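The values are calculated or read from the model by the stated rules, or taken from the named source; none is laboratory data. The structure presented is a predicted model; accordingly, all values stated were derived computationally and were not measured. Cβ placement follows ideal geometry from the backbone for every residue including glycine, while neighbour counts extend to all protein chains displayed. Heads up: the accessible areas ignore ligands, DNA and RNA and are worked out on the full protein's heavy atoms, side chains in. Shrake-Rupley method; radii C 1.70, N 1.55, O 1.52, S 1.80 Å.
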Amino acid sequence: MKKTLLCGMLLSLCSLTAHADPAMEQALNNPLRSADNQARDKYRHPGETLGFFDVQAGKTVIELWPGGGWYAEILAPLLAKDGHYVAANFDTQPAKDNPAPAYRTKIGLAFEAWLDEHRSALGNASSLAFDPPFKSSLGNDNSADVVLTFRNLHNWAMQGQLETVFDSAYRVLKPGGVLGVVEHRAKPGMTMDSGYMDEAQMIAMAEKAGFTLAAKSEINANSKDSKDHPKGVWTLPPRLALGDTDKEKYLAIGESDRMTLKFVKPGA
């Protein structure tokens, strides 16, 4: 009972902290955000999540594999005037021996086009190609305040590159810098091809890279997610891999149950 009460108090504090920041409020409601993306706020809780990860104007923040730009629509405007948003994007010019699927190049090019189109509103937002093991640098050592990854750990794990990713994040962060992780959370015994990852294993891997676990949050938890879906996590929205089959059932569940982990690079 005490543990539940404490978790609730911590979540409330996170929410108040995030929404007490006028710059964050402005970023959450900025005109670059698409209506479809804003509709997912009830599942992804961006204000509370970024507040939990100590994301603020004035910081250098690197987002790993921003994909279609869901969080970029918030982060880049937030950091446009004071700070620096860096997208560690899909490689848009992969080497011939790189087996990366073609869709990543397509998504990466679309993201670069978005940055260019909105340059006047995004300040010095920039991008770099991140595709371990071919391209695994995130910038100069000890140069970033925050590194963020949202629902990507399973992709790197299935490629055998998760250790490389944690090591890259550790190198680029300043002492005291934050690695923020949101990922689909597995039940014991689940395999990574489900899209869900074991929380204890992810913590152990980050700690092996040198990080200290500073805090965990249930901001992005979903107790309705049974995690036994026919097509893994992709059965749920937003993917809805079964199409119209049982669509209402999966919409009622909502998006996946997710771990939200805050790691810190020691030494500050």
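For the peptides 216-223, 166-173, 73-80, 190-197, the ranking by packing is 73-80, 166-173, 190-197, 216-223, with the highest mean count of neighbouring Cβ atoms within 10 Å listed first. Segment 244-268 and segment 92-164 have their alpha-carbon centroids 21 Å apart. In units of the compact-protein estimate 2.2 N^0.38 Å, segment 110-268 shows a Cα radius of gyration of 1.14. Residues in the chain average 47 Å² of solvent-accessible surface per residue, probe 1.4 Å, ligands and nucleic acids excluded. Counting protein heavy atoms only, the chain has 54 percent of its accessible area on carbon and sulfur, 1.4 angstrom probe. Taking every C-alpha pair closer than 8 Å and separated by at least 6 residues, the mean separation divided by the residue count of segment 71-173 gives a relative contact order of 28 percent.
Which entries in the list 59/262; 106/224; 187/231; 135/187; 106/174; 42/249 go over 27 Å, if you measure between the two C-alpha atoms of each? Cα-Cα > 27 Å for 106/224; 135/187; 106/174; rest within.
Would you work out the relative contact order for the chain, in percent, from Cα pairs under 8 angstrom that are 6 or more residues apart? It rounds to 17 percent for the chain.
Using a simple charge model, +1 on the beta-carbon of Lys and Arg, -1 on the beta-carbon of Asp and Glu, nothing else, what dipole does segment 59-166 show about its Cα centre, in debye to the nearest 20? Once rounded to the nearest 20, the dipole reads 160 debye. The three principal axes of the C-alpha atoms in the chain carry coordinate ranges of 46, 42, 40 Å, sorted with the longest axis first. Within the shell defined by Cβ-Cβ distances under 12 Å, the residues around residue 265 carry a net charge of -1, with Lys and Arg each +1 and Asp and Glu each -1. Relative contact order for segment 169-268: 45 percent, from Cα pairs under 8 Å spaced at least 6 residues apart, divided by residue count.
When the alpha carbon gyration tensor of segment 197-236 is reduced to an equivalent ellipsoid, the three semi-axes, largest first, read 26, 14, 7 Å.
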